[in-house]
Structure formats: C-alpha cells, structure tokens
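Written below as structure tokens is the structure these notes are about.
The values are calculated or read from the model by the stated rules, or taken from the named source; none is laboratory data. This structure is a prediction, so every number in the text was calculated from the model and none was measured. Because the Cβ atoms are built from the backbone with ideal geometry, glycine has one as well, and the counts that use them run over all protein chains shown.
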Amino acid sequence: MSEPADIAIHFAGGVVRFVADERRILEALNAHLIHCQGADGQLVATYRIAAVDDSTFSADVNGGVLFSRIQFDALLPLLMRDALAQLNGAAASHLIFHSAALAHRGRGIMLCGQSGSGKSSLTAWLTACGFQYLTDEVVSVPLRGEEIRGFCRSIILKRGSEFIWRRWLADERSRGFLRFADNSAWIVPTALNPNAVCHSAAPSLTLFPKYIPEAPLSVQRLTQAEALFRLLQCLVNARNFSDGGMSVAARLVKQTQAYSLIYSNVESAAEWIQQNA
C-alpha cells in the first residue's frame, strides 16, 4: 500500500478530488479520467477511498460515508456517477445536458438522451471511425459563448455492447481498456482513435437517438419548437437558473439542425451521421 495520492478533475466550473492509497484505484481513475483532469474551478467534493481488505473498499465524500464495503467492480461506476452528479449540481455558469458529443470537420454534434438511448454505443463507433470525442455523457453549454464542452472521461459501454470493442479495439490488454465482470467496459477514446480527444466545438447538429431492437432506421427533422422541448427534457441543472435555462437552450436550438433518430443497428445509424455531419 502506498501513501495517499490525489487526482483532481474539473467540469463546468467545478472540481472534484479523489484521494486514495490503493494503487489499483489510482491507476484506474488516472487512466480513465486523464482527459478531464485539472483543478481549475471551485472545489465541490473530495472523495477519500480506502481498502477495507483485499477485495473491498470504503469511501466518504466531504467527510460523510458514501459506502463502507464495496467490490472494485461496483466502486468505480459509483464513484464516477456520484462525482458527476456533484459537478452537475454545482454548475451555475453552464447548462448541463445529458448528451454525448463529437466533432467532425470542425462541426460539433450532440447526441441527446437519457441512459439507454444508445449515446455511448454510437459515440464509440463514430470515434473509431475518425470523429473526435468530447463526451459520452454530459455536455456543458456556457451562458455566454458559442462552443460546447464535454466531460471527456472514458467511453462507458454497458453489457450488450461488447461487439463494439471487439470490433474496434486493437488490443484488449491496453491500459486504456477496463473490462468489468458483467462485460461492461471503460475505453479511453484514444484507444479507438489516436486523435480522438477534442475539448470544445461549435455545435451544428443535434440528434435525439433512441435504440429500439429490430426497428428500421428512421430519421425525422425536428422543428425548433420540437427540438427545444426535447432538449429541455435532457437539461440536468435547470434549477440553477432563473428562467430554467430556457434562453440558453433556445439559443442552442437556433445554432443547430435537429433530428430524431430511431435505430437498431449501430453501424447504419453511424453511417447516416457520417453522411450528414
């Protein structure tokens, strides 16, 4: 066991610190949060992680117990989820949307939707096809300014998406690949595309994907009103703004073309995005 060390990550004006004395935890956090590390912003949470025994861990956040005994496979996803919730909740200078984001030929593409909509699968496939990666989970839109930014963590693929990393990952032994017991996986975007990482982009296309098994590919252009309605459903921190984020969301809608995208085949959906990005 080594001396406690810390890793700081930042997003939308907030900072979270992880302090741990377990090498395996530090290596995983460092590898999969490498592209969002930094201490530029207000500290909103500090996590302290310690080994209970050879296979379980405890953690507290801001001095309060987060969990007291948990396995490694459960520890990392819970830390990621809680830290992101802390950052999102504290954000007051940016609107935060549940959205993946990529850039292609200088144009920003948002894939908005809740968990299960297929954001991460499409994002991983498109990253492997040469798109630049901003995030697979949340996008920040400043109150003033035109460019979006993403929480540039590793791409998180759930169980059932193994076909993506089996298709595109050159070496499963890569330090940028972490496979869990349930066959979910974390993949550093540069493991799929060496030039993947992009920190900001001017948005030009907003997609609302929805994965439905065996459904044919269906794409529908949305009016600005329809796009705004859907976008507000993906807004995470509306309570932090006097108008609920309406004015900035409306500005974003005016910047982009918006489509709904129903699909069952990742490759065909990605092909449509490539042709229209």
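Only residues that are out of contact with any helix residue (DSSP H, G or I) (no Cβ under 8 Å at 6 or more places or on another chain), farther than 20 Å from Ile155 by Cβ and not basic (Lys, Arg) were counted across region 68-88, and they come to 3.
Every test in (1) buried (at least 18 other Cβ atoms within 10 Å of the Cβ); (2) under 25 Å from Gly14 (Cβ atoms); (3) out of contact with any strand residue (DSSP E or B) (no Cβ under 7 Å at 6 or more places or on another chain); (4) not acidic (Asp, Glu) is passed by Ser115 save one, and that test is (1). Within region 3-31, take every residue that is touching a strand residue (DSSP E or B) at 6+ places or on another chain (Cβ under 6 Å) and part of a loop (DSSP other than H, G, I, E, B) and give me the one that is nearest to Phe180 (Cα to Cα). Filtering first and then ranking leaves Glu22.
Output the residues belonging to region 220-276 that are small (Gly, Ala, Ser), within 15 Å of Ser99 (Cβ to Cβ) and either in a helix (DSSP H, G or I) or not assigned by TED's automatic domain parsing to the domain that holds Ser140 (or both). Listed by number, the residues that qualify are Ala227, Ala238, Ala249.
The single condition among (1) in contact with a Lys or Arg (Cβ under 9 Å, 6 or more places away or on another chain); (2) more than 24 Å from Phe163 (Cα to Cα); (3) in contact (Cβ under 8 Å) with a residue 24 or more places away in the chain that Ala101 does not satisfy is (2).
Restricting region 224-259 to residues that are farther than 15 Å from Leu143 by Cα and of a type in the set (Phe, Trp, Tyr) leaves a set whose member that is surrounded by the fewest Cβ atoms within 10 Å (Cβ to Cβ) is Phe229.
Among residues of region 43-67 that are over 21 Å from Val15 (Cα atoms), those with a beta-carbon under 9 Å from a residue that is in a loop (DSSP other than H, G, I, E, B) at least six positions away or on a different chain give the pairs Ala51/Met1; Ala51/Asp21; Ala51/Glu22; Phe57/Glu22; Ser58/Val52.
Would you say Ala39 is hydrophobic (A, V, I, L, M, F, W, C) and either closer than 19 Å to Leu231 by Cβ or assigned by TED's automatic domain parsing to the domain that holds Ser247 (or both)? Considered against the rule, which asks whether it is hydrophobic (A, V, I, L, M, F, W, C) and either closer than 19 Å to Leu231 by Cβ or assigned by TED's automatic domain parsing to the domain that holds Ser247 (or both), Ala39 comes out as no. Evaluation of Met80 against the conditions (1) in contact with a strand residue (DSSP E or B) (Cβ under 9 Å, 6 or more places away or on another chain); (2) in the same structural domain as Ala191 (by TED's automatic domain parsing); (3) surrounded by fewer than 24 Cβ atoms within 10 Å (Cβ to Cβ) shows that the sole unmet condition is (2).
Within region 193-202, can one find any residue that is touching a helix residue (DSSP H, G or I) at 6+ places or on another chain (Cβ under 6 Å), aliphatic (A, V, I, L, M), at pLDDT 95 or above and closer than 23 Å to Tyr133 by Cα? Yes.
Would you pick out the residues in region 122-136 that are touching a helix residue (DSSP H, G or I) at 6+ places or on another chain (Cβ under 7 Å) and either closer than 10 Å to Ser99 by Cα or at pLDDT below 95 (or both)? Listed by number, the list holds a single entry, Asp136. Close Cβ contacts (under 6 Å, 6 or more residues apart or on different chains) running from residues in region 213-227 that are within 19 Å of Ile273 (Cα to Cα) to residues that are surrounded by fewer than 13 Cβ atoms within 10 Å (Cβ to Cβ) comprise Leu217/Ser268. Against the conditions (1) among the hydrophobic types (A, V, I, L, M, F, W, C); (2) modelled with pLDDT of 95 or more; (3) surrounded by fewer than 19 Cβ atoms within 10 Å (Cβ to Cβ), Phe72 satisfies every one except (2). For beta carbons closer than 9 Å, sequence separation of 6+ or different chains, a first residue in region 176-193 that is within 14 Å of Cys152 (Cβ to Cβ) and a second that is outside any strand (DSSP E or B) and acidic (Asp, Glu), the qualifying pairs are Pro189/Asp136; Ala191/Asp171. Just one of (1) modelled with pLDDT under 95; (2) among the hydrophobic types (A, V, I, L, M, F, W, C); (3) surrounded by 14 or more Cβ atoms within 10 Å (Cβ to Cβ) fails for Cys152. It is (1).
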